[in-house]
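Input: a single structure, listed below in structure tokens.
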Amino acid sequence: MINPMDLWSSLSEDLQRRQNQGLRRSLTPCRPLSPTRTLRQGRSVLHFASNDYLAMAWNPQVREEFARIADQYSLGATASPLILGTSEPYAKLVESIAHWHQSESAVVFPSGYAANLGTLQSLVSPEDLVLSDALNHACLIDGCRLSKATIKVFPHRDTDSLGDLLANLRGRFRMAYILTDTLFSMDGHVAPIPQIESLCREFNALAIADEAHASGVFGNRGRGLLDAHRADRSVWIKTGTLSKAIGCTGGYVAGPHLLCDTLLHRARSLIFSTALPPAILGAAAKSIQLIQNMDEQRLKLLERSSYLRKELTLRGFRTTADTTPIIPLYVHDPHEALRLSEKLFDAGIFVPAIRPPTVPPNGCLLRISLNSDHTHEDCQLLLDALG
Ligand SMILES: Cc1ncc(COP(=O)(O)O)c(C=O)c1O
């Protein structure tokens, strides 16, 4: 037993330990100036740090729609979606998401985090087996924990190990689910979608895909990586977020009526949370309408990403090979990550240092994320500053 005084001193020791290990975090105020520049610590700097892949957070038509709806509706939704929160913009957004993803229906959650948490908590039961990629996002991990299922973590993208786990364990469980990000948020890797799909068929499993970083960026009309791989819908459940390429905030699940109806009845992160503000829902619907016709920006984004990756590799930096706008620069430890990020900041460029627990202890990196407004010159400035 400890008393409250002991508790506070153990918390203080923990923070000091993090400080010594280069793991201390703090909130640094920023004032966004454009899709690629921010005011930080009193300086206007070029940044490679947002998830606003198509610069939609700055799109004039999306912002106009936000202002128009904010003028007509209450600021907050004032209640959960099942009470008063299903405003006209809410219903319109559900329709836009379903239309975009060619699904029967959709459900909008307060965030992408809540969408994954609610989906896993609603579907997965303690008699089930969950197989989760080692680098999955925290919301999939936390959703697994909520489900109380048996969880096995397979090495990142290692479908041989995944197959072995299924072969050894599948028979002992009611259902099996395979969980994966489709575009991994820190390493910029693409998931082995076709291989996971065939394992699902072989072992009667369902796959749950978090398309948070992929939707808007990949696939026909920006529908995501499942679409780009022509994935079989009967095998996959798709979740996404409105906070990255859509440039707003919120999360969603797109799928059959039965799934969406089940979520309305079971997903606690939806039922017990206030709906998103009408203006943000309306802005997200406008953004979804626009991004479907933004192939040119998608192409430019991926071309720039390839160029930067190639140049970094040529200069001897350790990164990943996939053609995605998330480019990690691996370093040895948290101190080196901080030093490199500070060196870039001195040169007028902000690239965040990513340290545990966001990544595993041996996975420290600088996360370069590009958006469609980054120019060739911006990439050149970054390369020059890295030296
Ligand atoms: C892979 C992944 N899934 C889900 C989320 C959560 O989305 P949101 O920020 O909308 O809660 C994030 C990011 O924050 C993410 O990187």
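The values are calculated or read from the model by the stated rules, or taken from the named source; none is laboratory data. Treat the numbers as computed from the prediction; the structure is a model and nothing was measured. Quick reminder, even Gly has a Cβ in these numbers, built from the backbone with ideal geometry, and neighbours come from all protein chains shown.
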(request) Check A385, A347, A285 and return the single one that is buried (at least 23 other Cβ atoms within 10 Å of the Cβ) and over 18 Å from the mean Cα position of the chain (by Cα). (result) A285
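For region 232-289, enumerate the residues that are basic (K, R) and either within 14 Å of the ligand (Cβ to nearest atom) or closer than 14 Å to M56 by Cβ (or both).
Taking region 232-289 first, the residues basic (K, R) are 233, 238, 244, 266, 268, 286.
Hits for region 232-289 are K238, K244, K286.
Yes/no per residue for (1) aliphatic (A, V, I, L, M); (2) in contact with a Cys (Cβ under 7 Å, 6 or more places away or on another chain); (3) touching a residue at least 60 places away in the same chain (Cβ under 8 Å):
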position	(1), (2), (3)
S161	no, no, no
N168	no, no, no
Y177	no, no, no
M186	yes, no, yes
I208	yes, no, yes
R221	no, no, yes
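Table: residues versus (1) charged (D, E, K, R); (2) closer than 16 Å to T182 by Cβ.
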{"residue": "K92", "(1), (2)": "yes, no"}
{"residue": "I97", "(1), (2)": "no, no"}
{"residue": "H101", "(1), (2)": "no, yes"}
{"residue": "E104", "(1), (2)": "yes, no"}
{"residue": "V107", "(1), (2)": "no, no"}
{"residue": "P110", "(1), (2)": "no, no"}
{"residue": "V130", "(1), (2)": "no, no"}
{"residue": "A134", "(1), (2)": "no, yes"}
(message) Name the single residue that is farthest from N136 (Cα to Cα) among those in region 148-164 being out of contact with any helix residue (DSSP H, G or I) (no Cβ under 8 Å at 6 or more places or on another chain) and of a type outside the set (S, T, N, Q).
(response) D164
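If you go through region 311-322 one residue at a time, do you hit one that is basic (K, R) and not assigned by TED's automatic domain parsing to the domain that holds D181? Reasoning before the result, please.
As a first pass, look at region 311-322 and keep what is basic (K, R): 315, 318.
Adding the requirement that they be not assigned by TED's automatic domain parsing to the domain that holds D181 leaves 315, 318.
Yes, that holds for at least one residue.
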(message) Can you confirm whether A214 is surrounded by 21 or more Cβ atoms within 10 Å (Cβ to Cβ) and out of contact with any Phe, Trp or Tyr (no Cβ under 9 Å at 6 or more places or on another chain)?
(response) yes
(request) Check whether at least one residue in region 44-61 is more than 21 Å from the chain's Cα centre (by Cα), assigned to a helix (DSSP H, G or I) and surrounded by 15 or more Cβ atoms within 10 Å (Cβ to Cβ), and report yes or no. (result) no
